[in-house]
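The values are calculated or read from the model by the stated rules, or taken from the named source; none is laboratory data. Here the structure is a predicted model, which is why all the values come from computation and not from measurement. Because the Cβ atoms are built from the backbone with ideal geometry, glycine has one as well, and the counts that use them run over all protein chains shown. For the accessible areas, the whole protein counts, side chains as well, though only heavy atoms, and no ligand, DNA or RNA atoms are used. Shrake-Rupley method; radii C 1.70, N 1.55, O 1.52, S 1.80 Å.
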There are 2 protein chains.
Amino acid sequence: MPYRAPIPDFAFILDHVVAFDQVRQTERFSEATPETTRAILTEAGKLCETVLAPLQRVGDQNPARLENGVVRTSPGFAQAFAAMAEGGWLGMAADPEYGGLGLPQTLATAVNDMMSSACLALQLSPLMTQGQIEALENHADETLKTCYLPKLISGQWCGTMNLTEPQAGSDVGALRTKADPNGDGTYAITGQKIYISWGDNDFTENVCHLVLARLPDGAAGTRGISLFMVPKHIPDAQGNPGTRNALRVVSLEHKMGLHGSPTAVMEYDRATGWLVGEAHQGMAAMFTMMNNARVGVGVQGIGVAEGAFQHALGYALDRKQGKTPLTGAGAIVEHADVRRALSVMKAEIFAARAIALANSVAIDMARATGAEEWQSRAALLTPITKAHGTDIGCEVASAGMQVHGGMGFIEETGAAQYLRDVRVTTIYEGTNGIQAMDLVGRKMMDGGEAAFRLLQEVEDGAEAARESLPDLAEQVWQAAESLREATEWLVAQDMQDRFAGATAYLRAFARILGAHYHLKAALAGDARRRALAEVFITRVLPEHVGLLAQARAGAASLYALSDEDLAA
Amino acid sequence: MPYRAPIPDFAFILDHVVAFDQVRQTERFSEATPETTRAILTEAGKLCETVLAPLQRVGDQNPARLENGVVRTSPGFAQAFAAMAEGGWLGMAADPEYGGLGLPQTLATAVNDMMSSACLALQLSPLMTQGQIEALENHADETLKTCYLPKLISGQWCGTMNLTEPQAGSDVGALRTKADPNGDGTYAITGQKIYISWGDNDFTENVCHLVLARLPDGAAGTRGISLFMVPKHIPDAQGNPGTRNALRVVSLEHKMGLHGSPTAVMEYDRATGWLVGEAHQGMAAMFTMMNNARVGVGVQGIGVAEGAFQHALGYALDRKQGKTPLTGAGAIVEHADVRRALSVMKAEIFAARAIALANSVAIDMARATGAEEWQSRAALLTPITKAHGTDIGCEVASAGMQVHGGMGFIEETGAAQYLRDVRVTTIYEGTNGIQAMDLVGRKMMDGGEAAFRLLQEVEDGAEAARESLPDLAEQVWQAAESLREATEWLVAQDMQDRFAGATAYLRAFARILGAHYHLKAALAGDARRRALAEVFITRVLPEHVGLLAQARAGAASLYALSDEDLAA
């Protein structure tokens, strides 16, 4: 079954579940009317169905490769990237002053979701560029903005993020890349960076690397880090790609999946760079880029889940095995355990997607209004969108393989690729463990205020549903209460105990939010929405009990096992 | 960190957790003294560490391939297979009358576990042969036994299972392969079989295919199926490989993992076969083979989990990132979320391994005593061992990748291979969905009697632990009670409602059994065993609440969503 963009689902969630109307009512985003929204999503969906989806297998089977220092991308990727650029999709949320469409992030999220379903490996390139655009908009000076933004937005150039070094992964502060002032306002950047997604390509005129490095007077740790723009080709006076900069792709990684996306080891050897933002404030700028990218990566997980679900459903509708209870015709979708798997997959995708879109609405509202409440809402939801969206991506892709039976393990089927590709999303842009620690640490610095505010909405939603859906409403209300209690417990603990339960806590939070959005959908929608909500609330939501027990288990028993005990 | 065989763990579980003493006290297995057991496991462990483990990556990077109709196996596999044969490991549980060692299945299970950790792709070959040996021992006539068993046991020949056809996967009864009587007591076998693990190799003199086919007077469905021995080379009068039989490998599958194991499409074109057992009774014989193989496949999952755990722990002890709470030295194992992951992985492996060994003890007791109670215990545990062991294999392998961070996605690290390899184990030998249906269907035909008997032991175990470990004992007791109630509910439902909750029910059952064995270990063992039991009982066991809710959710809400709703 070829990929079909789930436009009605997006429209329904925007209109009835995540209150996108609030965004439309702001001055900044007043152009995002229901008609415009529908037209944009339909157009993007068409591009995904017809141009990107056919490249999914091509990228896997013809990986990007390095030839004499030049990255050769998979067949068709250049043309598809051009089509994405042509459609304006690269800069859809970017500032119109530099050529962007200025549309809400919420719509960009929906488009990223569809592009991830269709061809994750290629979609990763624009995702990196989007993050770079946002970092430059927020932190770069006017000269840099004028030089880079129009080209990034048009797709003539593209962007990468350079954080990781061999000894500095999750611990970015341990980086060793150096930036020496050249005396003319530029800097000489020297060091090696690893895991650089789309570190090079053969279809944009220039590749713009945002690189974290330390100035000579930079303190140790994260506080001494600055951010630099280091282009592959140094722009000339007219802003066109000029002299080749002193940077190169050393090698490409041989990965489990995402073969169409070249993951580079980059070497900078006194490459010319320009400071972005203030000296020693690189982490702040990088966080802008990472927060955008974290929502984007969560959405990658959801997009892949959608692709894998459609693929598995197509198989299950077609494949005949045994007598079946309904029609006897024997399509495996009619078998209860297969139907259970597919129904749960669909319910999971809806829930994770609603969380990501609610997160995006909060981002848009924060941008449009500057309100602290929206900022903290967006900040709270970001690690949940990222970690949960990508976990669901892996789980649904794996369930999709399982639905295929033996065929799932055979590469020709395509089911395995979804799992191989999506598996990295729980790792990059901060592992899901890092996301969970962010949630219970940094995002609870407010004593849980933002979380309690959100939980109040969940409980209000349950109250509002009590009359027409009493059973489902009661289950959601009870679960929200349990999460509230766990949150109260959590914010009173030291970091060590919080971290020991962080992963389970994040997942429990996502379960309750998912149930909340399903309940809203059930209230606003038809019998199908209610049936799907029932699947989620009766089958998935109860998981929160075990998760919250684990969230509150504390660190002591983990450290009661010594390193030697673990190895024994 | 190179693989280290966990001999002390096996010894502890046998002595203190699964009551292997009962097996030793039978006449049949009286030679399996503690000293002999330890010596056998140590010897097998050495083989795994030194001969098999170095081939793990070799098989992945140099897949078996088909050249002019001949399968060329991965470098080193032939020598390693010879070493396994040499050590007597292929026939360790086989009948001494035909050259086997006649050891308990429980020890074979432990050895299979270690071999699966070391090199899953190669281990699959002896696993298939073991199943074939057992099928022949139980169903073949004396002529076939005398001809085939000694050669299979010595490793001169090896065995395969041929069930699946393109249109007949989980629905074996739909098979079309035909067996025409030749008039001389042999049969002409014609048909195509797929997914034949180790369908051929270049290191045994002969490959013996057990093939399901239908005689001309065979009824439709599973009741008309017979089992045939179809050797690659027809044994001559001296029992040596003679004329080449009319069968061939058509192609090998390109799989997500397990590259060292050739998965063949086999074609039989009036190949000569011999009937094994009675005509039309092929399914019974095949079930003997499958039940053995199902326990074996569950153990594959556990073995891979062990390998992946050791690999991840080695990385976590070595890799430094950030300041850590304990020593500040920064090995990532000291970070709470990483430590949580590793502790849970270790606790999961212990639990799944104890279940598999308890299952094997039941098999041995059934063989040694013929008692119906042991037979039904073994039958009940088999789908749990298979489905849960392989689920844990996938989960632990995935968690192991996650511990590696970015390195986990890079193939050179080896972490990804564990996940790619083990992923098929939830699919083959009956998907885990089929296992769950077997548990709530066939295995509950007794009204749940075998399950209730086992639950009684769990509750008795909890009572016995109340004095010294009151908190843990109470949690296990409560969980067992919940499972008892769910089981009472389950056996009163029709099949459709049972099947809708089957997967969750099986997992819940495994959680409670895992907690039971951990509690026994905590009672008998040192502080480390207690700490690990606490990790499992406080962090993993609570999952049963959500699972049992799902187990009891019934089928109605799944079918409230139509096929069109799922696709909408």
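Scan segment B:437-446 and give yes if some residue there is over 21 Å from B:E488 (Cα atoms) and either within 21 Å of the chain's Cα centre (by Cα) or part of a helix (DSSP H, G or I) (or both), otherwise no. Checked segment B:437-446: no residue is over 21 Å from B:E488 (Cα atoms) and either within 21 Å of the chain's Cα centre (by Cα) or part of a helix (DSSP H, G or I) (or both).
Residues in segment B:264-298 that are touching a Lys or Arg at 6+ places or on another chain (Cβ under 6 Å) and not in a helix (DSSP H, G or I): B:M266, B:E267.
I'd like the full set of residues that are over 19 Å from B:T204 (Cβ atoms) and open to solvent by 10 Å² or more (accessible area, probe 1.4 Å), limited to segment B:255-271. Matches in segment B:255-271: B:K255, B:H259, B:V265, B:E267, B:D269, B:R270.
All conditions but one from (1) within 14 Å of chain B (Cβ to nearest Cβ); (2) more than 22 Å from B:V396 (Cα to Cα); (3) surrounded by fewer than 24 Cβ atoms within 10 Å (Cβ to Cβ) apply to A:R340; the one that does not is (3). Figure legend. Inter-residue proximity from segment A:284-298: first residues buried (at least 24 other Cβ atoms within 10 Å of the Cβ), second residues basic (K, R), beta-carbon distance below 9 Å, spacing 6+ or different chains. Indicated pairs: A:A293/A:K386; A:R294/A:K386; A:V295/A:K386; A:G296/A:K386; A:V297/A:K386; A:G298/A:K386. In the set (1) within 14 Å of chain B (Cβ to nearest Cβ); (2) open to solvent by less than 10 Å² (accessible area, probe 1.4 Å); (3) in contact (Cβ under 8 Å) with a residue 60 or more places away in the chain; (4) among the small types (G, A, S), A:S170 fails one condition alone, (2).
Candidates are the residues of segment A:412-456 that are acidic (D, E) and in contact (Cβ under 8 Å) with a residue 40 or more places away in the chain; the one that is nearest to A:I392 (Cα to Cα) is A:D421. Selection of segment A:56-98 for residues being among the hydrophobic types (A, V, I, L, M, F, W, C) and under 18 Å from A:S251 (Cβ atoms) yields A:A64, A:L66, A:V70, A:V71. Considering only residues in segment A:374-413 that are among the β-branched types (V, I, T), crowded, with 24+ Cβ neighbours inside 10 Å and within 14 Å of chain B (Cβ to nearest Cβ), the one that is farthest from A:S117 (Cα to Cα) turns out to be A:V403. Of all the numbered requirements in (1) farther than 19 Å from B:W198 by Cβ; (2) touching a Pro at 6+ places or on another chain (Cβ under 8 Å); (3) not in a helix (DSSP H, G or I), B:W89 misses one, and that requirement is (1). For first residues located in segment A:217-243 and farther than 26 Å from A:F203 by Cα, partners that are among the polar types (S, T, N, Q) and open to solvent by less than 40 Å² (accessible area, probe 1.4 Å) and lie 6+ apart or on another chain with Cβ distances below 8 Å form the pairs A:G218/A:S226.
Just one of (1) within 29 Å of B:A354 (Cα to Cα); (2) exposed (fewer than 13 other Cβ atoms within 10 Å of the Cβ); (3) free of Cβ contacts under 8 Å to residues at least 24 places away in the same chain trips up B:P2, so point out which. It is condition (3) that B:P2 fails.
Matching residues to (1) surrounded by fewer than 24 Cβ atoms within 10 Å (Cβ to Cβ); (2) closer than 22 Å to A:G406 by Cα; (3) more than 14 Å from chain A (Cβ to nearest Cβ):
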{"site": "B:S197", "(1), (2), (3)": "yes, yes, no"}
{"site": "B:D200", "(1), (2), (3)": "no, yes, yes"}
{"site": "B:F203", "(1), (2), (3)": "yes, no, yes"}
{"site": "B:L215", "(1), (2), (3)": "yes, no, yes"}
{"site": "B:A219", "(1), (2), (3)": "yes, no, yes"}
{"site": "B:D236", "(1), (2), (3)": "yes, no, yes"}
{"site": "B:N245", "(1), (2), (3)": "yes, no, yes"}
{"site": "B:R248", "(1), (2), (3)": "yes, yes, yes"}
{"site": "B:E253", "(1), (2), (3)": "yes, yes, no"}
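Taking the listed residues A:Q79, A:Q105, A:Q22, the one that is of a type in the set (S, T, N, Q), modelled with pLDDT of 95 or more, open to solvent by 60 Å² or more (accessible area, probe 1.4 Å) and touching a helix residue (DSSP H, G or I) at 6+ places or on another chain (Cβ under 7 Å) is A:Q22, with no other qualifying. A:A352 versus (1) open to solvent by 20 Å² or more (accessible area, probe 1.4 Å); (2) under 30 Å from A:T164 (Cβ atoms); (3) more than 10 Å from chain B (Cβ to nearest Cβ): which is the lone unmet condition? A:A352 satisfies every listed condition except (1).
Among the residues making up segment B:546-562, those that are in a loop (DSSP other than H, G, I, E, B) and open to solvent by less than 30 Å² (accessible area, probe 1.4 Å) are B:G554, B:A555, B:L561.
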